[in-house]
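Colleague: Here it is: the structure, laid out below.
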Amino acid sequence: MERRPLLAGNWTMHTTIAEAEALAVAIAQTAIPADRDVMLAPPFTALAAVGKVLAGSPVLLGAQNVCWEPKGAFTGEISPPMLRDAGCTLVIVGHSERRHIFAETDAMINQRVAGAIRHELVPLLCIGETLAEREAGLTFQVLERQLREGLKDIVLSGAGQLVVAYEPVWAIGTGRTATVDQAQEAHRFVRGVLLTMYEKNIATQIRILYGGSVNPDNVDALMAQDDVDGALVGGAALKAESFCRIINFK
Ligand code: PGA
């Protein structure tokens, strides 16, 4: 069975509510090929407004992080039911900015993945090595650790419950994309680790996105790789024109 491509826009800490609505309207108005999924992840403050814009469109709403508890004294956190209430079906977890700027650990990310799945949100688990780790030859070791710890005790009944995003930290927001060979090599490795963790029919169907300076000029070559099942896009997702070109990759 073919894996259905997912093109995901991570708006990071950008857009006012009005800007978010306008961007969502522009994206929802473009023709999206029926063979692929599209997700927008605006900041929390714009989720409800963008959710209204996307109601009735095939474009999916995602959030940029999620707490593991449904409610309680967790100042500054947003719960899975709150995201569901705003219209989200997916949520980014373990983004490198969460790991490296906000010191989120694999154990914390594992709790977030579990919390999302418990509430029927699909976690988009981000993993990726830093430049120092790549140069020290540790890429595979880091990816394997982030996968095994991030997915510790996570039982899946179907491949649709999880998305993995490989985002080399040195390629995020830097304009420096991994080569198609580097991306494919990492994705194949990730697929191999998933095959040791889950039944074959699940592991072979989990989508693995590439992220890190994806743009209209490199998306076609990246998407042509066997194990690249989509893209997690930051900067180029903030302009309707460039994101729509990415959605329409060839
Ligand atoms: P970028 O960001 O596309 O700007 O490199 C990727 C991301 O934020 O996940």
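The values are calculated or read from the model by the stated rules, or taken from the named source; none is laboratory data. Only a predicted model underlies this, so the values are computations on that prediction, with no experimental measurement involved. Note that we place each Cβ from the backbone using ideal geometry, even for glycine, and neighbour counts take in every protein chain shown. Protein only, heavy atoms only, side chains kept; ligands, DNA and RNA dropped before computing areas. Shrake-Rupley method; radii C 1.70, N 1.55, O 1.52, S 1.80 Å.
Colleague: So residue 82 clears everything in (1) touching a Ser or Thr at 6+ places or on another chain (Cβ under 7 Å); (2) surrounded by fewer than 21 Cβ atoms within 10 Å (Cβ to Cβ); (3) under 26 Å from residue 21 (Cα atoms) except one condition, right? Which one?
Modeller: Of everything listed in (1) touching a Ser or Thr at 6+ places or on another chain (Cβ under 7 Å); (2) surrounded by fewer than 21 Cβ atoms within 10 Å (Cβ to Cβ); (3) under 26 Å from residue 21 (Cα atoms), residue 82 misses just condition (1).
Colleague: Picking from 191, 207, which residue would you name as being open to solvent by less than 60 Å² (accessible area, probe 1.4 Å), away from the ligand (no atom under 16 Å from the Cβ) and among the basic types (Lys, Arg)?
Modeller: Exactly one of 191, 207 is open to solvent by less than 60 Å² (accessible area, probe 1.4 Å), away from the ligand (no atom under 16 Å from the Cβ) and among the basic types (Lys, Arg), namely 191.
Colleague: Suppose we filter segment 225-250 for residues that are touching a residue at least 60 places away in the same chain (Cβ under 8 Å), near the ligand (Cβ under 10 Å from one of its atoms) and either among the small types (Gly, Ala, Ser) or farther than 22 Å from residue 184 by Cβ (or both); how many remain?
Modeller: Summing the residues that are touching a residue at least 60 places away in the same chain (Cβ under 8 Å), near the ligand (Cβ under 10 Å from one of its atoms) and either among the small types (Gly, Ala, Ser) or farther than 22 Å from residue 184 by Cβ (or both) in segment 225-250 gives 5.
Colleague: State all residues of segment 9-49 that are assigned to a helix (DSSP H, G or I) and among the charged types (D, E, K, R); if no residue qualifies, say none.
Modeller: Answer for segment 9-49, where residues must be assigned to a helix (DSSP H, G or I) and among the charged types (D, E, K, R): 19, 21.
Colleague: Separate question: Name the residues in segment 151-186 that are small (Gly, Ala, Ser) and more than 16 Å from the ligand (Cβ to nearest atom), would you?
Modeller: Those that are small (Gly, Ala, Ser) and more than 16 Å from the ligand (Cβ to nearest atom): 157, 158, 159, 160.
Colleague: With the requirement that a residue be within 24 Å of residue 8 (Cα to Cα), surrounded by fewer than 21 Cβ atoms within 10 Å (Cβ to Cβ) and polar (S, T, N, Q), what does segment 140-165 give you?
Modeller: 157, 161
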